[in-house]
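Engineer: First the structure, then my questions, so here it is.
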Amino acid sequence: MELSLIVRAIIKKRRTTSPDHFNGKPVDKQIVQEILDAANWAPNHKTTEPWRLFIFEPNKVKNFGKLHAQLYKEHTPENNFLEKKYQKLLHRADKASHVIVVGMSRSNVPGLPEQEEVAAVACAIQNMLLVATSHNVACFWGTGGMCYHPSFKYAFGLEDKDLMLGFIFLGKTDNDDLEDGKRHSSIGEKIKWM
Ligand SMILES: Cc1cc2nc3c(=O)[nH]c(=O)nc-3n(C[C@H](O)[C@H](O)[C@H](O)COP(=O)(O)O)c2cc1C
């Protein structure tokens, strides 16, 4: 198949799949390695390569849940604490094969705006999602729970200047027939030819 057709097919095929629909089977490490390598080829201004990836492998994904739930418990005032939310965070990754926590390490290049570093890491994430999709690996980019709480980035050794951009759940699903994606409007309604 022509390369551009393949690229466009993968872009359209990528879907957010809730980890609830994962089946707990592992993704080959070789494939995960390819997914990680793709992150490194994202565009980035001033070659800062600001993506930082922390990977929980099979048998360790539950540690991600434990950490997330523990941070929620530690940093939520008692009167706001919800046991249901705690349990959800605790078990969110149970059926995932891998969880990749994605941070942005802010460079000290003078004059480089923060949004450019965030943009570069978002590109790295999309690269990973597309390679995952090309291997029929189900994926989910989540930012819920404690993602943006400072304790979360500190737990991964990131600093105040850095940002957490989310966690990518990778897994297998029995439902390989992904629904078509949904968009509120076509690209025609979001563009203006100048
Ligand atoms: C920055 C970012 C954060 C997201 N966080 C969540 C999240 O916390 N929970 C969730 O269910 N989906 C999350 N998503 C996935 C979106 O819900 C999803 O991309 C959107 O519904 C479009 O569906 P699609 O990815 O299948 O095209 C996030 C997506 C992005 C780009």
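Each reported figure results from applying straightforward, stated rules to the coordinates on display, with no laboratory input. The model shown is predicted, which means the values in this text are computed figures rather than measured ones. Counting neighbours? That spans all protein chains shown, and the Cβs are built from the backbone with ideal geometry, glycine included.
Engineer: Pick from region 131-157 the residues that are more than 16 Å from the chain's Cα centre (by Cα) and away from the ligand (no atom under 16 Å from the Cβ): which of them is surrounded by the most Cβ atoms within 10 Å (Cβ to Cβ)?
Structural biologist: Ala155
Engineer: Kindly check whether there is at least one residue in region 158-165 that is surrounded by 13 or more Cβ atoms within 10 Å (Cβ to Cβ) and under 11 Å from the mean Cα position of the chain (by Cα).
Structural biologist: Checked region 158-165: at least one residue is surrounded by 13 or more Cβ atoms within 10 Å (Cβ to Cβ) and under 11 Å from the mean Cα position of the chain (by Cα).
Engineer: Then there is this: For region 80-100, does any single residue satisfy the condition of being closer than 21 Å to Phe22 by Cβ, over 18 Å from the mean Cα position of the chain (by Cα), exposed (fewer than 15 other Cβ atoms within 10 Å of the Cβ) and not small (Gly, Ala, Ser)?
Structural biologist: Looking for residues that are closer than 21 Å to Phe22 by Cβ, over 18 Å from the mean Cα position of the chain (by Cα), exposed (fewer than 15 other Cβ atoms within 10 Å of the Cβ) and not small (Gly, Ala, Ser), one finds at least one in region 80-100, hence yes.
Engineer: Within the bounds of region 98-107, is there any residue that is of a type in the set (A, V, I, L, M, F, W, C), touching a strand residue (DSSP E or B) at 6+ places or on another chain (Cβ under 7 Å) and closer than 22 Å to Lys13 by Cα?
Structural biologist: Yes, because at least one residue in region 98-107 is of a type in the set (A, V, I, L, M, F, W, C), touching a strand residue (DSSP E or B) at 6+ places or on another chain (Cβ under 7 Å) and closer than 22 Å to Lys13 by Cα.
Engineer: Kindly indicate which of Lys182, Lys172 is of a type in the set (Lys, Arg) and within 16 Å of the ligand (Cβ to nearest atom).
Structural biologist: Lys182
Engineer: Contact list please: Cβ distance under 6 Å, first residue in region 128-149 and in a loop (DSSP other than H, G, I, E, B), second residue among the hydrophobic types (A, V, I, L, M, F, W, C) and more than 9 Å from the ligand (Cβ to nearest atom), pairs at least six apart or on different chains.
Structural biologist: Final answer for the pair search is His135/Ile31; Val137/Val27; Val137/Leu170; Gly145/Leu89; Met146/Leu71; Met146/Phe152; Cys147/Met164.
Engineer: Go through the residues of region 2-11 one by one and say whether even a single one is surrounded by 12 or more Cβ atoms within 10 Å (Cβ to Cβ), of a type outside the set (Val, Ile, Thr) and more than 30 Å from Gly111 (Cβ to Cβ). Can you show your working first?
Structural biologist: The first filter runs over region 2-11 and keeps only residues surrounded by 12 or more Cβ atoms within 10 Å (Cβ to Cβ), leaving 7, 9-11.
Subset that is of a type outside the set (Val, Ile, Thr): 9.
Right, trim to more than 30 Å from Gly111 (Cβ to Cβ) and you get 9.
Yes, region 2-11 has at least one match.
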